[in-house]
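Chemist: Below: one structure in structure tokens.
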Amino acid sequence: MHLMGIAQTEGPAVFLSDATLYLELFGLMVIGWQWLKIGNIAAKKSVERPEDVFYLGKIATLKYFFEYELPKTEGLMVRLKSKTKVTTTLNEDYLD
């Protein structure tokens, strides 16, 4: 909703200036959701067959993702909600 407000008040250029960050944020969230689904199945299967390291590997990978990759979403959300628009207010003389 925050981004829709920006689109209405500041125009499409400002709204789209951080589109890549938006895609990265939601990509991480979707992958996290998939790891939750995989983790639920792996947890059940690892109880049934504790000798099967395949499922334990899935749980280990889920833990990695949630500890190392998913925390990146916090920084992305802060950036997307920021009122400072560095990329759209850059002086073009700096690019020479």
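The values are calculated or read from the model by the stated rules, or taken from the named source; none is laboratory data. Predicted model only: the values in this text are computed from it and were never measured. Counting neighbours? That spans all protein chains shown, and the Cβs are built from the backbone with ideal geometry, glycine included.
Chemist: Within the set of pairs 6 or more residues apart or between chains, which connect a residue that is aromatic (Phe, Trp, Tyr) inside region 57-78 to a residue that is surrounded by 14 or more Cβ atoms within 10 Å (Cβ to Cβ) and at pLDDT 95 or above with Cβ atoms less than 8 Å apart?
Modeler: These pairs meet every condition: Phe65/Gly32; Phe65/Trp35; Phe66/Gly32; Phe66/Trp35.
Chemist: Going by the conditions given, is Glu48 of a type in the set (Asp, Glu) and modelled with pLDDT under 95?
Modeler: Criteria met by Glu48.
Chemist: Could you identify the single residue in Lys72, Lys83 that is of a type in the set (Lys, Arg) and within 15 Å of the chain's Cα centre (by Cα)?
Modeler: Lys72
Chemist: Condition first: closer than 30 Å to Lys85 by Cβ, in contact (Cβ under 8 Å) with a residue 12 or more places away in the chain and among the polar types (S, T, N, Q). Now tell me which residues in region 9-56 satisfy that.
Modeler: Ser17
Chemist: Oh, and also: Listed residues Val14, Val86; which is among the hydrophobic types (A, V, I, L, M, F, W, C), modelled with pLDDT under 90 and surrounded by 14 or more Cβ atoms within 10 Å (Cβ to Cβ)?
Modeler: Val14
Chemist: If you go through region 48-83 one residue at a time, how many are exposed (fewer than 10 other Cβ atoms within 10 Å of the Cβ) and of a type in the set (Ser, Thr, Tyr)?
Modeler: Qualifying residue count, region 48-83: 1.
Chemist: Related question: When both residues are 6+ apart or on different chains and their Cβ atoms are under 7 Å apart, which pairs have a first residue that lies in region 80-95 and is in contact (Cβ under 8 Å) with a residue 40 or more places away in the chain, and a second that is surrounded by 10 or more Cβ atoms within 10 Å (Cβ to Cβ) and part of a loop (DSSP other than H, G, I, E, B)?
Modeler: Partner pairs satisfying both residue conditions: Leu80/Asp18; Lys85/Ser17; Thr87/Ser17; Thr88/Ser17.
Chemist: In region 46-54, is there at least one residue being within 30 Å of Gly5 (Cβ to Cβ) and either part of a loop (DSSP other than H, G, I, E, B) or of a type in the set (D, E, K, R) (or both)?
Modeler: Within region 46-54, none of the residues are within 30 Å of Gly5 (Cβ to Cβ) and either part of a loop (DSSP other than H, G, I, E, B) or of a type in the set (D, E, K, R) (or both).
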